Every structure is written in structure tokens, then in C-alpha cells.
Amino acid sequence: NEVLSLAWSPDNSRIASASDDSTVQVWDANTANRYFTYSGHTDFVVAVSWSPDGKRLVSGSRDTTVQVWDATAGNHIYTYRGHSSEIEGVAWSFDNTRIASASDDATVRIWKVT
């Protein structure tokens with residue numbers, strides 16, 4: 001599987017990877033042990049980002065969705081839909097209240113975190 005994006009956790013203890021197998025995985029940065037594998041996307045995951053508090057992850061995919069994951073328990077939290085083409089980038093606001101996503105549909109969307 002090809003890794004398409006990586007992101008360090010805010011405390012530098014974990015790494016999140018986004019892959020062409022439609023998963024996001026969370027790894028221990030010191031031991032390389034895998035904590036979680038998130039399997040909610042239906043196409044390549046091309047972007048991943050940690051929330052500033054390190055409690056959640058956001059991922060963007062060729063399936064046109066933006067998905068939020070619980071980085072402490074391994075659960076899916078929410079799926080945002082609205083882009084008409086694949087997601088190329090995702091980012092959290094520093095206050096943990098919003099997510100931005102950029103798409104091949106030539107739009108940037110701002111999502112309120114639920």
C-alpha cells in the first residue's frame with residue numbers, strides 16, 4: 001500500500017498515515033506499533049490532519065468525503081459531504097472548532113466541528 005500523506009500528533013508521540021488502501025492508520029512514533037486503522041473511506045485517502053488538542057483526526061479522500069475520527073478510542077465521529085470531486089487537503093483551526101477542506105472541484109469548504 002502506498003502512503004499518500006502523513007501527520008505528526010501535536011505531542012509528537014503518534015503519526016497518522018493516509019493510504020491508497022482507503023485507510024487512515026495511527027502509529028506510535030517511538031515503537032512503530034499501530035494503534036488504530038480507520039476504514040470508513042471508499043477510495044484513496046489523500047490527506048490527514050490532527051486536531052490541535054490531539055483528540056481527533058480528519059481525513060480527506062478521493063471519495064469526496066471529509067471524515068473525523070476519535071484518535072483516542074479509534075471510533076468514527078462524523079462524515080462531511082459537499083464536495084463534487086476528490087479532497088486534496090484538510091486542516092483544523094487552532095481553536096478546534098472548524099475544519100477546512102480543499103478539493104479538485106476548485107473549492108475550499110469550512111466545516112463546523114460537531
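The table for this structure:
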{"quantity": "Exposure ranking of I110, I15 by accessible area [1.4 Å probe, largest first]", "calculated": "I110, I15"}
{"quantity": "Euclidean distance between Cα centres, the range 74-114 to the range 1-54, Å", "calculated": "16"}
{"quantity": "Surface accessible to a 1.4 Å probe, per residue, for the residues of the chain, Å²", "calculated": "51"}
{"quantity": "Inter-site label distance for E2 and E88 at 7 Å from Cα along Cβ, in nm", "calculated": "1.6"}
{"quantity": "Nearest-10 value in Å² for the accessible area of H41, using the 1.4 Å probe", "calculated": "10"}
{"quantity": "Mean separation of Cα contacts under 8 Å (6+ apart) over length of the chain, as relative contact order %", "calculated": "18"}
{"quantity": "Spin-label zone in the range 53-68 - amide nitrogen under 19 Å from a point set 7 Å from the Cα of D21 along the C-beta vector", "calculated": "59-63"}
{"quantity": "Environment charge of R34, counting only residues whose C-beta is closer than 12 Å and scoring Lys/Arg +1, Asp/Glu -1", "calculated": "0"}
{"quantity": "Radius 13 Å from Cβ of A73, net charge of other residues (Lys, Arg +1; Asp, Glu -1)", "calculated": "+1"}
{"quantity": "Stretch gain in nm, segment A73-T31, where the contour uses 0.36 nm per residue and the Cα spacing is subtracted", "calculated": "13.2 nm"}
{"quantity": "Cα-centre dipole for the range 35-114 with unit charges at Cβ (Lys and Arg positive, Asp and Glu negative), debye to 20", "calculated": "260"}
{"quantity": "Residues with amide H under 5 Å from that of R56, placed H, sequence gap 5 or more", "calculated": "S51, A71"}
{"quantity": "Cut-off 11 Å, label 7 Å out along Cα→Cβ of T42, residues of the range 49-82 by amide N", "calculated": "63-65"}
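The values are calculated or read from the model by the stated rules, or taken from the named source; none is laboratory data. None of the values given here were measured: they were computed from a predicted structure. Neighbour counts run over all protein chains shown; Cβ positions are idealised from the backbone, glycine included. Areas reflect the complete protein model, heavy atoms only, side chains present, ligands, DNA and RNA absent. Shrake-Rupley method; radii C 1.70, N 1.55, O 1.52, S 1.80 Å.
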